[in-house]
1. Just checking, does the stretch 36-45 include any residue being over 21 Å from ILE98 (Cα atoms) and touching an Asp or Glu at 6+ places or on another chain (Cβ under 8 Å)?
2. Is it true that ASP6 is free of Cβ contacts under 8 Å to residues at least 40 places away in the same chain, within 22 Å of ILE98 (Cβ to Cβ) and in a helix (DSSP H, G or I)?
3. Residues to consider are SER76, SER56, SER33; find the one that is of a type in the set (S, T, N, Q), farther than 14 Å from ALA104 by Cα, surrounded by 12 or more Cβ atoms within 10 Å (Cβ to Cβ) and more than 14 Å from the chain's Cα centre (by Cα).
4. Return the residues of the stretch 48-105 that are charged (D, E, K, R) and assigned to a helix (DSSP H, G or I); say none if nothing qualifies.
5. Name the residue that is farthest from the chain's Cα centre (by Cα), counting only residues in the stretch 79-92 that are within 17 Å of VAL60 (Cβ to Cβ) and of a type outside the set (A, V, I, L, M, F, W, C).
6. Select from the stretch 14-28 the residues that are surrounded by fewer than 17 Cβ atoms within 10 Å (Cβ to Cβ) and within 14 Å of the chain's Cα centre (by Cα) and list them in ascending order.
7. Being part of a loop (DSSP other than H, G, I, E, B) and either in contact with a Ser or Thr (Cβ under 7 Å, 6 or more places away or on another chain) or within 24 Å of LEU81 (Cα to Cα) (or both) is the filter here, so list the residues in the stretch 17-47 that pass it.
Amino acid sequence: MGLTEDELEICDLLKKDAMTQAEEKKVKLAAKSLLERLTAAQPKVLVQEWYRHTQSKLRVQKTVEDVLNAHLPEESYDRLLFKAKCDAVFDLAIDHAIHGRKWAA
């Protein structure tokens with residue numbers, strides 16, 4: 001698929017049933033872009049122990065929503081599905097952060 005293990009983990013959360021090739025390409029791009037924004041782009045989003053502070057959690061959640069809104073195919077991700085996908089990715093980031101795993105600072 002051309003994705004790292006971490007990108008693939010996010011991509012799997014973003015996928016939906018019966019996707020076209022174009023939609024799948026956009027979902028892959030969304031996963032890559034989101035991981036890049038969370039881990040490498042400035043200003044830093046995933047600061048140390050971000051999950052313990054309300055403002056930091058809100059910043060991460062907003063970043064997830066902004067990046068996914070920019071990249072997911074809006075014609076096939078309605079508001080409810082979009083929100084569910086954002087929540088799933090945010091929950092993954094929180095879980096990784098709490099347990100000190102992977103990319104979630």
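The numbers here are math on the coordinates, done by the rules we state, and not lab data. All figures in this text were calculated on a predicted structure; none of them were measured in a lab. Because the Cβ atoms are built from the backbone with ideal geometry, glycine has one as well, and the counts that use them run over all protein chains shown.
1. No, because not a single residue in the stretch 36-45 is over 21 Å from ILE98 (Cα atoms) and touching an Asp or Glu at 6+ places or on another chain (Cβ under 8 Å).
2. No: the conditions fail for ASP6.
3. SER76
4. Of everything in the stretch 48-105, those that are charged (D, E, K, R) and assigned to a helix (DSSP H, G or I) turn out to be ARG52, LYS57, ARG59, LYS62, GLU65, ASP66, ARG79, LYS83, LYS85, ASP87, ASP91, ASP95.
5. Of everything passing the filter in the stretch 79-92, LYS83 is farthest from the chain's Cα centre (by Cα).
6. Hit for the stretch 14-28 is LYS15, nothing else.
7. Hits for the stretch 17-47 are ASP17, ALA18, MET19, THR20, VAL45, LEU46, VAL47.
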